[in-house]
1. For the stretch 242-253, does any single residue satisfy the condition of being surrounded by 15 or more Cβ atoms within 10 Å (Cβ to Cβ) and under 30 Å from residue 115 (Cα atoms)?
2. Need a quick list: strands (runs of 3 or more DSSP E) entirely within the stretch 225-291 having at least 3 residues that are more than 23 Å from residue 37 (Cα to Cα) and either without any contact (Cβ under 8 Å) to a residue 12 or more places away in the chain or touching a strand residue (DSSP E or B) at 6+ places or on another chain (Cβ under 7 Å) (or both).
3. Go through (1) out of contact with any strand residue (DSSP E or B) (no Cβ under 7 Å at 6 or more places or on another chain); (2) closer than 25 Å to residue 199 by Cα one by one and return the number of the condition residue 162 breaks.
4. Can you tell me which condition residue 67 does not meet? The list is (1) surrounded by fewer than 18 Cβ atoms within 10 Å (Cβ to Cβ); (2) more than 25 Å from residue 190 (Cα to Cα), and all the others hold.
5. Would you confirm whether any residue within the stretch 157-165 is over 26 Å from residue 57 (Cβ atoms), surrounded by fewer than 21 Cβ atoms within 10 Å (Cβ to Cβ) and in the same structural domain as residue 192 (by TED's automatic domain parsing)?
6. Name the single residue, out of those in the stretch 95-111 being at pLDDT 90 or above and outside any strand (DSSP E or B), that is nearest to residue 233 (Cα to Cα).
7. Counting only residues that are crowded, with 16+ Cβ neighbours inside 10 Å and in a helix (DSSP H, G or I), which one in the stretch 170-223 is modelled with the highest pLDDT?
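The values are calculated or read from the model by the stated rules, or taken from the named source; none is laboratory data. From a predicted model like this one, the values you see are computed outputs, not experimental measurements. Please note: Cβ atoms are built from the backbone with ideal geometry, for glycine as well, and neighbour counts cover all protein chains shown.
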C-alpha cells in the first residue's frame, strides 16, 4: 500500500518479516547452497529474509517499498511543488557488494562467475540499498513529468547480489541470485550460497562442490511429446540446447539462459532425434522420438 507523505524522498529503515523458504541445502567443499523452490517473489506486501548459516540472524533482507506523495524544491528563489509515486526494490540488513559515489551507494549487478571476497568493496545496507527504482515524478507548475529510474538491477534477469556477513569473529562471503522487474514492483529470489570457510572467496553462481562434478552430473534432460526440458547448474548457463537428426544434422537450437530451459519439437518431421546440451566443458544428449 502506498504511503502518502509530504516529505522528500526518504527510503528510511524497514523491518522485514521472515519469508517462507521451501529450500534444499547442501554442504560440500565448504560451499553451502540453497535453492529457493518455488522462487520467492517479493512485493510491497511480502518481504523476504535470508539467514545464510541458519543461526537465527537475518543476513540479507529484500523488500519492495513504495514512496508516494509531494515535496518542494527551490529554483531561482521560487518554491516549486512536485509529486512522485516511486517503487524501490531494496536489499537491507546486509553488507552488499557495490560502489560508493559521493553520498550514494550503488549495488553491483554481478554476473555468473564474478568473484566475491575481501578485495571487493562492500557497503552496509541496514537502511536499504537500492537494487532498482522506478516511478513517475510530476512538476505541475511546468506541466512537466518524467519517470524516475535508479539501480543497476532494474529490469534485469539472473543477476547476483554479492554479500558478506559475520558469524562470531569470522567473515563469510555469499551471493543471492535475483530478477528485478522493470518497474521495480517485484524482486524474484531464486537461490543463494555462501562460503563456510572464514574469509574464503566465492564466485557468483558457485554452488556446492560444482568443480568436483562432471557435466553429466550437472544436467537433467526430460522430454514430453511436444518438447525437451533441461535443468542445469548455474555455472552452465550460457550453453546451448540442440536437436540433431540421426545423420548428425542440426535441425533446431536454443540458448540455455537460465537453470531451466526448453526447446519444442514444432516443425520437426516424425522420426528419431538427439537432444543435446552443449557446454565448453562437455555435452549431454538424449534420444527422442518425435511423432
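1. no
2. Numbers: elements: 227-232, 240-245, 250-255, 260-264, 271-279, 282-290.
Answer list for the stretch 225-291: 240-245, 250-255, 271-279, 282-290.
3. So the condition that residue 162 fails would be (1).
4. Single failed check for residue 67: (1).
5. yes
6. 111
7. Checking each candidate, the answer is 215.
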